[in-house]
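Everything below concerns the one structure shown next.
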Amino acid sequence: MRKIFLQIGATRDGQNPYCAVAKRDGYFTVLAEMGDFVDYQSLSIPLPFDLIVRLDRPENPWEVLQAYLHAGLLEHPQVVLAGFEAYNASAARVRELLAGPDAGPGFIPPDKYAQRMALRKAWPHFPQPEFRFFASPLSIRDAREALLYPCVIKPVDGGGGLGIWLVREASQLDAAIDKLLDTVNYGGRGFSGFIVESWLAGDEYSLQGVVANGHPVALTCCQKVIEQAIDADGCISFYESGHVATAAQQLPAAFTRLMRFCCATFGYQRGAFHIDFIVVNGEPHFVEMGFRLSGMGVVNLVEEVTGINWADVAFQVEAGRDLPALHFPVQPQAVGRLRLRQRAQCEAAEAWIAQHQRGQLLPALKLPALAVTPRSSLYADLTRHAGILATLRLSAARTDDVLAVFHRFPASPAFVSRRDLQCAE
């Protein structure tokens with residue numbers, strides 16, 4: 001009987017690390033994805049899967065299984081994983097359905113609001129932003145006088161920074177709400193709710209790791225480069241433009257406690273994870289946890305700084321094998337990648353590389369620009385993942401050395417950095 005790997009959703013950064021590992025290990029690889037997105041991404045890169053199953057709603061596990069069967073696949077897949085965060089819950093539901101009722105309830109990734117509530121219940125004083133849940137954008141507008149400013153509005157089930165707005169004062173709320181009313185989730189569906197949380201001024205980080213038998217291991221720690229784009233209405237949205245990664249064998253104790261507490265609280269037993277947090281006055285404040293590999297090329301960064309194939313380790317754990325021995329570098333370094341979206345940034349980066357004989361300008365995934373309506377199934381992907389011209393890669397002995405260079409290439413005045421906003425507070 002052949003082994004089958006089913007991936008729900010294509011990666012948005014053009015990487016397919018799970019597929020590569022599965023093919024190496026002799027799996028027949030299947031991708032279940034929206035037909036529109038398959039056609040769109042195929043204009044730029046070939047999808048390496050043995051079979052592509054097209055469907056309308058990859059977020060619906062029943063529709064995934066129905067399309068899988070209609071494609072003539074009668075054997076159960078041995079490994080089911082999500083390629084994109086919007087479909088993580090769907091992959092978990094498919095795994096649970098395939099396991100059958102005798103296996104008991106499987107792990108279903110909690111959304112952003114459920115994560116916050118679980119942490120608050122487990123530890124009422126757990127460091128995280130103050131937050132409130134709202135069912136719709138209009139209900140946020142009705143609560144304008146009760147909100148604390150500045151605040152951040154974010155969908156509980158979005159991804160890639162979609163639908164996240166910074167509102168610095170009450171007079172800006174209406175414009176942000178209007179934006180949310182015109183925003184649809186990936187695949188053209190609606191959002192299931194929203195969090196409004198207090199704005200925290202600090203440096204933003206993420207941990208990348210894997211859990212095996214309930215034991216979490218961090219592989220890397222990334223410091224993020226966050227930009228906020230200001231549109232014509234004065235609304236500020238977030239854009240994660242870069243990461244600087246270091247090996248995680250010597251994490252600060254507070255970071256390790258955060259990782260272990262999150263995995264234990266959410267009951268996460270096996271698989272890849274990343275945890276986003278903001279450090280304020282030396283203390284990490286939880287933002288969200290993703291139960292999957294990171295996007296935006298971070299998988300490559302993990303391997304560059306540790307020599308560990310994150311996707312390989314996670315795949316083996318998901319396939320029921322033990323966590324392999326992990327060997328970290330003796331002399332770790334910092335490696336960063338900065339995504340450039342403007343021609344002036346690319347030209348400045350090229351000049352810096354020529355002058356210092358360091359760094360590389362990597363070609364970006366050339367996704368074509370398409371004109372679609374805000375209700376299109378492709379609208380979220382086009383607004384969040386297209387338009388990258390190149391990626392600047394740079395290594396150094398310390399994270400601060402890489403960040404100092406990255407900050408030489410700011411975007412146009414339509415963008416402000418998190419550091420600029422902190423200074424304005």
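Using a 1.4 angstrom probe, figure out how much accessible area the chain has per residue, in square angstrom, rounded to the nearest whole. Could you put the intermediate results ahead of the total?
Values: 18260 Å² over 425 residues.
Here the per-residue accessible area is 43 Å².
Normalised by the number of residues in the stretch 1-95, what is the relative contact order in percent for Cα pairs under 8 Å and 6+ residues apart?
After rounding, I find 37 percent.
Which distance in nm do the two modelled labels at Val372 and Leu74 give, with both placed 7 Å along the Cα-to-Cβ direction?
Modelled inter-label distance: 3.6 nm.
Summing +1 for each Lys or Arg and -1 for each Asp or Glu, what net charge is found among the other residues whose Cβ lies under 9 Å from the Cβ of Glu63?
Computed value for this residue: -1.
Tell me which trypsin sites (Lys or Arg not before Pro) from the stretch 368-408 have a DSSP coil assignment and no more than 16 other beta carbons within 10 Å of their own.
Details: sites: Arg375, Arg384, Arg393, Arg398, Arg408; in loops: Arg375, Arg398, Arg408.
Counting only loop positions with at most 16 other Cβ atoms within 10 Å, the trypsin sites (Lys or Arg not before Pro) in the stretch 368-408 are Arg375, Arg398, Arg408.
Run lengths n ≥ 4 of DSSP H only: what is the helix-derived mean residue ellipticity at 222 nm for the chain, with -39500 (n - 2.57) per run over all residues, to the nearest 500?
-9000 deg cm²/dmol
Pull up the DSSP beta bridges for the chain and report the antiparallel fraction as a percent, rounded to 5.
In the chain, DSSP labels about 85 percent of beta bridges as antiparallel.
Taking the Cα-to-Cβ direction at Asp182 and at Ala351 and moving 7 Å from each Cα, how far apart do the two end points lie in nm?
It works out to 3.5 nm between the two label points.
Please give, to one decimal in nm, the separation of the simple spin-label points placed at Asp102 and Ala20, each 7 Å out from Cα toward the Cβ.
Placing both labels 7 Å beyond Cα along the Cβ direction yields 3.9 nm.
How large a share of the accessible area of the chain, in percent, is made up of carbon and sulfur atoms when the probe is 1.4 Å and the other protein chains stay in place?
Carbon and sulfur atoms account for 52 percent of the accessible area of the chain.
Listed highest first by mean packing, meaning other Cβ atoms within 10 Å per residue, what order do 183-196, 75-88 come in?
75-88, 183-196
Which one, (i) 20.7; (ii) 30.2; (iii) 22.3, gives mean projected area of the Cα convex hull in nm² as derived from the coordinates shown?
Looking at mean projected area of the Cα convex hull in nm² for this model, the match is (i).
With a cut-off of 8 Å between alpha carbons and a minimum separation of six or more residues, what is the relative contact order of the chain in percent?
Working: 836 pairs, mean separation 67.0, N = 425.
Averaging sequence separation for qualifying contacts and normalising by length gives 16 percent for the chain.
Could you calculate the FRET efficiency of Arg358 with Ala264 from 1/(1 + (r/R0)^6), where r is the beta carbon distance between them and R0 is 30 Å, rounded to 0.05? Working shown, then result.
On the way: r = 42 Å, r/R0 = 1.39.
Efficiency at R0 = 30 Å is approximately 0.10.
Quick one: of the DSSP bridges fully inside the stretch 4-99, what percent are antiparallel, nearest 5?
0 percent
The values are calculated or read from the model by the stated rules, or taken from the named source; none is laboratory data. Keep in mind that this is a model prediction, so the values were computed, not measured. Reconstructed Cβ throughout: ideal geometry from the backbone, glycine too, with neighbour counts over all protein chains shown. Accessible surface is based on the protein model in full, side chains and every heavy atom, while ligands, DNA and RNA are left aside. Shrake-Rupley method; radii C 1.70, N 1.55, O 1.52, S 1.80 Å.
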